[in-house]
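Okay, so here's the structure we're looking at.
The values are calculated or read from the model by the stated rules, or taken from the named source; none is laboratory data. Since we're looking at a predicted model, the values are computed, not measured. Note that each Cβ is placed from the backbone with ideal geometry, even for glycine, and that neighbours are counted across all protein chains shown.
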Amino acid sequence: MTKPTDINGDRTVLRLLVVTLLLLALAAKGYGQQVTGTPGSPSATTSIDGKQLPPPPPKFGGVIKESAKDSTPWWPPLIVPPRPVLLYNLLDLERFKWSGGSLSAGQHTITFDFKYDGPGPGQGGTRVLSVDRKEVDRKTIPHTIPRLMAVDETFDIGSDTRTPVDDFEYELSFHFTGTINNLTYKLGPEQLSADDKKAAAVILAAAKD
């Protein structure tokens, strides 16, 4: 069971929680072979479903020529146990990552709790990643995305069909191959003051002229 709950403020965190599901594609029983990182690089990793041991070797993705300068090196991904990883992309200015330890096969409850330092847009906050009600990672970030969110970005659950949160973490399309039994969002009170709302209204009115 995947169940992010207890989110206060900053409604742009919704997309972040969708990303949680994308990057937790290896966190439940039935996960498939997804490659994390740049395929062919020494740092690329993957997990296996255990149906075949040892697993079949991956297809070689490099190029072998007569000379080394004309060849392209390629490393098979390192097999690692599945673990939950969550990424927050602050408009490509900075990225923040939360991660937990290895997960056993079976159902797990993944919770991402966000305590917003509002009121006002773009404030920071403390975010806690928990697995089966146990805290596994906690970070405080100075800022969040203020109002802005790309209109052509999709609200994906179980896959990523537009732009990756981090080009170096995974490739599109990133499909979850397990089972999501439940997904819950708990929104806190709105964090915009009366002055914030007036300023936003002025900006919207000017954009329509």
If we scan the range 98-111, do we find a residue that is of a type in the set (Phe, Trp, Tyr) and touching a residue at least 60 places away in the same chain (Cβ under 8 Å)?
no
ASN181, sole failed condition from (1) within 24 Å of ASP113 (Cα to Cα); (2) not in a loop (DSSP other than H, G, I, E, B)
(2)
Test: ARG138 is assigned by TED's automatic domain parsing to the domain that holds LEU103, charged (D, E, K, R) and part of a loop (DSSP other than H, G, I, E, B):
no
